[in-house]
1. Taking into account only those residues within region A:10-42 that are part of a helix (DSSP H, G or I) and modelled with pLDDT under 80, which is farthest from the other protein chains (Cβ to nearest Cβ)?
2. Mind telling me which of the residues B:LEU25, B:LEU42 ends up being surrounded by 20 or more Cβ atoms within 10 Å (Cβ to Cβ), modelled with pLDDT of 70 or more and closer than 30 Å to A:VAL30 by Cβ?
3. Restricting to region B:73-95, and then to whatever is among the polar types (S, T, N, Q) and over 14 Å from B:ALA34 (Cβ atoms), can you tell me which residue is nearest to the other protein chains (Cβ to nearest Cβ)?
4. Inspect all residues belonging to region A:48-59 and state whether any of them is surrounded by 17 or more Cβ atoms within 10 Å (Cβ to Cβ) and at pLDDT 65 or above.
5. So which residues in region B:43-75 are assigned to a helix (DSSP H, G or I), small (Gly, Ala, Ser) and closer than 30 Å to A:GLU70 by Cβ, if there are any at all?
Amino acid sequence: MANDERSAEAAQRWRLVLGQDATGPVPLNVEDTAIDGALDALYGTPDGSPKGGLGASAPRVARWLGDIREYLPSSVVQVMQKDALERLGLWEMLCEPYRAA
Amino acid sequence: MLSGRCARILTEHGEWRAERAAQQLSLHCSSGVAPLAAAQWLEGFLQGGGTLLAHSDTLWNIVNGWLLSLGPDTFTELLPLLRRTVSTVTAPKRRELGEPVAHGGCAALGAAQTETAVDLARARRVLPILHTLLAARPLEEVSHGE
């Protein structure tokens, strides 16, 4: 029984580290699902999947910022925000607010 | 991180054998090492690669053990760093890394870990000799104590 719990825990952790496309479906709780979504938007593969990334969409970015600030410690949030600016070209979006509107 | 990268390069070029890589990995990803340092070492070891880890059960098991040894808060804190590292690994390689999870390989690992648990019956068999060697209390006292 303890083994089952342990392997379920292992499956969830690998699922969170590797992402949905790598491990297949693994049940996650609400908080983990939100964290996973936020991570996927930033670090997921930009392969044009329907879920999509943050892209240049202001509402999605706002939601994303809300999620990471709610669920992750502030030190990590800073790194992720910096990554988001660099990786997704959000900086350009912020400089051109009317394009997104 | 640099140390992790060096370990990977040495192993990939055959300078290090697999056992040496496994030894280094378990040294750097053990519970005694600061979790952040371990995650950074892994970043160097994995970044843009992942082949070594995907093709060696030993290495995978070490990382699996380390992941499970982290407390929930620490895990959440390190998760973004790990996810960022993993995002540099190609999708097919990531699937290889996730394969043991998809096929319930973690259960096998759990079984392997119980095997390494202390076998009390076998441990007791050594006690008389230890008592002789250490000239400690008489054996009866101990067995009554049990």
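1. This residue is A:GLN20.
2. B:LEU42
3. Per the stated criteria, the residue is B:SER87.
4. no
5. Listed by number, the list holds a single entry, B:SER69.
The values are calculated or read from the model by the stated rules, or taken from the named source; none is laboratory data. It should be emphasised that the depicted structure is a prediction, and the values quoted were computed from it without experimental measurement. Counting neighbours? That spans all protein chains shown, and the Cβs are built from the backbone with ideal geometry, glycine included.
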